[in-house]
Amino acid sequence: MRNETVKTDLTVIGGGLAGVCAAVAAARLGCTVALVQNRPVLGGNSSSEVRVWVCGATAHGTHRYARETGIMGEMFVENQYRNPEGNPYFWDLVVLGTVKAENNIQLFLNTDVHEVEAEGDAENRSIVSVTGWMMGSERRIRFESPMFLDCTGDGLVGFLAGAKYRIGREARHEFGEEWAPETADGITLGSTILFYSKDAGHPVKYVPPSFAKDITRMSIPIRRVIRGGDSGRHYWWIEWGGELDTVHENERIRDELWSVIYGIWDYIKNSGQFDAGNMTLEWVGALPGKREYRRFIGDYVLNQNDILAQREFEDRIAFGGWSIDLHPPQGMYAEESGSKHLHVDGVYHVPFRSLYSANVSNLLFAGRNISATHVAFGTTRVMATCAVIGEAAGTGAALAVRHRTTPRGVYERHLAELQQTLLRQDASIVGLASCDDRDLARRASVSASGTLRRLAVERSAETFGLGSDVGLLLPAAPELTELELLVDASAGTTLEAELWSTGRAENYVPHTLEVSGSADVAAGERQWVRIPLGWKPSRAQNAFIVIKANEHAALHLSHQYQSGVLSFQKNAGAHAVKQLENTREERAGREVGHAALRPQTVLLPGLSRDDSLCSGEHHERVPSPVRRPEPVELRTSGGR
């Protein structure tokens with residue numbers, strides 16, 4: 001056995017996406033970093049060991065332009081180039097390559113940290129070192145640094161250091177959260193194991209193991225959706241352990257999940273209800289994907305009201321956009337739906353004060369263990385959001401080392417530097433502009449062969465009967481005066497439209513009715529109908545136009561693309577499998593083909609598929625407009 005000591009500026013424990021982004025961010029700012037991971041691969045729940053897809057602020061197109069930038073954005077782009085088929089092993093290589101590219105990072109895989117040396121009283125502690133055992137190598141390694149970052153998910157390092165934390169659900173009165181229970185308890189979200197199947201091209205027999213459950217004797221086939229050809233991601237609901245201790249009873253939870261997975265496969269293969277004769281199991285996870293355990297207490301505890309209000313914290317350093325997504329404690333055995341979602345009108349902000357310990361002076365954290373209530377954690381827990389939080393935590397740790405201060409000291413004395421550094425690194429802080437002279441992007445000049453001065457299209461591809469309201473989102477800067485639509489009418493009628501502001505400049509849903517307009521339409525085909533909708537917003541923002549349902553009218557649709565414009569159909573169906581979940585009724589449904597519009601008015605984009613890595617955890621995919629580069633100049637009708 002070998003005893004070793006590693007001294008660096010920062011020790012990051014946990015090699016999930018939060019830990020990876022934290023380590024890379026600090027390394028790029030000149031810190032020497034030890035990145036310690038207890039598994040043989042990086043990526044945490046997104047790795048080939050667990051294979052959970054990476055979700056984030058886009059929330060499957062609910063927030064169309066909210067994709068993560070910074071280091072997480074780099075990995076998204078690299079994966080789309082290297083790995084368009086979504087091979088989980090190639091994703092491992094993308095994450096590993098991101099770390100290996102940084103000379104300031106020393107990577108320690110298969111190293112389980114289980115000892116922490118800390119000093120000070122309960123209200124003012126400091127970590128001196130952490131010690132881990134490298135499995136298979138007989139190396140006991142002590143890591144010393146002035147700053148530590150707990151990205152373990154379960155929060156073991158902070159716990160051993162004496163950091164304040166919570167497990168379970170807060171009582172409703174503590175933070176005034178509508179979705180919190182009346183009384184606090186220890187209930188958490190459960191864990192999940194996924195599986196992959198494939199068509200072998202020939203008949204494959206399946207004999208279930210002795211421990212496989214007979215799910216025909218259970219409620220699962222009745223209350224959950226089972227289909228023979230589904231991929232592993234459709235079985236996120238194989239979840240259990242919310243009423244147990246998901247750490248100390250991890251083995252029991254794994255065994256229960258396995259017994260159900262092999263029972264479900266027996267049902268698919270041998271019940272006679274599926275065309276599965278050639279299907280075989282290709283992969284079954286051996287490591288439960290944990291959703292929740294400890295949440296540390298920082299100088300601020302993010303809560304449900306902050307999320308719904310999209311509160312603009314002065315110390316905001318990252319954003320999220322996933323719904324508040326909570327599951328019943330009984331998981332797959334619950335009688336109710338497998339999940340419930342509360343969608344925010346747009347992206348929300350995460351404060352830096354939620355990323356460092358209230359009582360351990362040199363401890364930061366990132367990932368699912370940040371300072372948030374159980375309800376707020378329901379959205380911050382998804383991995384792309386954890387990743388951007390990790391980049392912010394790593395950047396804050398690097399500045400703390402540089403200025404020889406604590407993370408709290410960074411908040412109190414170097415907050416502007418932290419935020420501007422993040423912006424310079426291409427990490428987005430919504431609503432905050434760069435004012436950093438060191439940011440080379442500020443010195444760039446932009447030129448183009450032409451500028452877009454109007455939104456317009458006249459070519460019709462198909463028609464759409466106005467059996468329901470249709471929504472149209474477009475930029476209004478500096479003014480919008482009217483809308484002209486190509487319409488068929490089976491009888492004389494009046495076409496009505498409403499113009500709504502979106503509440504916040506970055507939001508994309510109707511919030512406040514600003515103006516209404518109407519136009520008489522005679523019976524006939526292919527008529528250009530002009531609807532007055534005069535609105536001059538106080539600042540550049542989106543206008544959400546609702547064209548009201550009319551049984552006598554049909555709009556002409558275009559498949560031509562246009563940047564910055566989206567269309568919607570009211571109640572076109574949830575972005576989710578209805579049998580599995582409860583969702584708040586949305587004010588605008590899913591995107592459809594787009595109304596053909598007259599010159600000097602607006603032009604709507606066509607449809608395509610979004611095949612990024614961050615496909616969703618609980619939602620069916622829907623067609624979505626292609627995002628294209630924004631034009632240099634964009635004007636709507638009535639603009640200068």
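Here is how the numbers come out for the structure above:
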read-out	value
Matching entry among V430, V457 (being more than 22 Å from G30 (Cα to Cα) and within 28 Å of the chain's Cα centre (by Cα))	V430
Pair list, Cβ < 6 Å and 6+ apart or interchain, from segment 487-502 residues that are aromatic (F, W, Y) to residues that are modelled with pLDDT under 95	W500/P510; W500/F544
Unique match (being more than 19 Å from the chain's Cα centre (by Cα), of a type in the set (G, A, S) and either open to solvent by 50 Å² or more (accessible area, probe 1.4 Å) or under 21 Å from C151 (Cα atoms) (or both)) among G298, G241, G277, G263	G298
Unmet requirement for R125, which otherwise passes all of (1) assigned to a loop (DSSP other than H, G, I, E, B); (2) charged (D, E, K, R); (3) within 21 Å of I370 (Cα to Cα); (4) touching a helix residue (DSSP H, G or I) at 6+ places or on another chain (Cβ under 9 Å)	(1)
Options V388, V446; residue that is closer than 30 Å to P478 by Cβ and either at pLDDT 90 or above or open to solvent by 70 Å² or more (accessible area, probe 1.4 Å) (or both)	V446
Residues of segment 361-372 satisfying the condition of being over 16 Å from T11 (Cα atoms) and either open to solvent by 10 Å² or more (accessible area, probe 1.4 Å) or within 15 Å of the chain's Cα centre (by Cα) (or both)	R368
Positions within segment 20-45 being open to solvent by less than 10 Å² (accessible area, probe 1.4 Å), in contact with a strand residue (DSSP E or B) (Cβ under 8 Å, 6 or more places away or on another chain) and assigned to a helix (DSSP H, G or I), in sequence order	V20, A22, A23, V24, A26, A27
Selection status of A358, touching a Ser or Thr at 6+ places or on another chain (Cβ under 9 Å) and open to solvent by 10 Å² or more (accessible area, probe 1.4 Å)	yes
Residue match in segment 249-272 (condition: of a type in the set (V, I, T) and in a loop (DSSP other than H, G, I, E, B))	no
Subset tally (residues that are over 18 Å from E282 (Cβ atoms), β-branched (V, I, T) and in contact (Cβ under 8 Å) with a residue 40 or more places away in the chain) for segment 205-256	7
Segment 147-192, residues that are open to solvent by 50 Å² or more (accessible area, probe 1.4 Å), in contact with a strand residue (DSSP E or B) (Cβ under 6 Å, 6 or more places away or on another chain) and of a type in the set (S, T, Y)	Y165
Among the residues listed as L495, L483, the single one being under 35 Å from the mean Cα position of the chain (by Cα) and either surrounded by 21 or more Cβ atoms within 10 Å (Cβ to Cβ) or on the phi > 0 side of the Ramachandran plot (or both)	L483
Meets criteria (surrounded by 14 or more Cβ atoms within 10 Å (Cβ to Cβ), within 29 Å of A553 (Cβ to Cβ), touching an Asp or Glu at 6+ places or on another chain (Cβ under 9 Å) and in contact (Cβ under 8 Å) with a residue 12 or more places away in the chain) for V457	no
Scan of segment 301-317 for residues that are open to solvent by 10 Å² or more (accessible area, probe 1.4 Å) and in contact with a Ser or Thr (Cβ under 8 Å, 6 or more places away or on another chain), ordered by number	V301, N303
Tally, over segment 523-560, of residues that are part of a loop (DSSP other than H, G, I, E, B) and either more than 15 Å from E462 (Cα to Cα) or free of Cβ contacts under 8 Å to residues at least 12 places away in the same chain (or both)	11
Verdict on Y65 being surrounded by fewer than 17 Cβ atoms within 10 Å (Cβ to Cβ) and within 17 Å of the chain's Cα centre (by Cα)	yes
Of all residues making up segment 118-140, the number that are under 25 Å from G298 (Cβ atoms) and either in contact with a Cys (Cβ under 8 Å, 6 or more places away or on another chain) or open to solvent by 80 Å² or more (accessible area, probe 1.4 Å) (or both)	4
Filter result (within 14 Å of G70 (Cβ to Cβ), under 17 Å from the mean Cα position of the chain (by Cα) and polar (S, T, N, Q)) within segment 373-402	T385
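Each row is one residue, and each column tells you yes or no for (1) within 35 Å of the chain's Cα centre (by Cα); (2) among the hydrophobic types (A, V, I, L, M, F, W, C); (3) farther than 23 Å from R454 by Cα.
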position	(1), (2), (3)
G467	yes, no, yes
W500	yes, yes, no
Y508	yes, no, no
A519	no, yes, no
W528	no, yes, no
L557	yes, yes, no
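The values are calculated or read from the model by the stated rules, or taken from the named source; none is laboratory data. Computed from a prediction, not measured in an experiment: that's the story for all the values here. Backbone-built Cβ (ideal geometry, glycine too); neighbour counts: all protein chains shown. Calculation scope for accessible area: heavy atoms of the full protein, side chains included, ligands and nucleic acids excluded. Shrake-Rupley method; radii C 1.70, N 1.55, O 1.52, S 1.80 Å.
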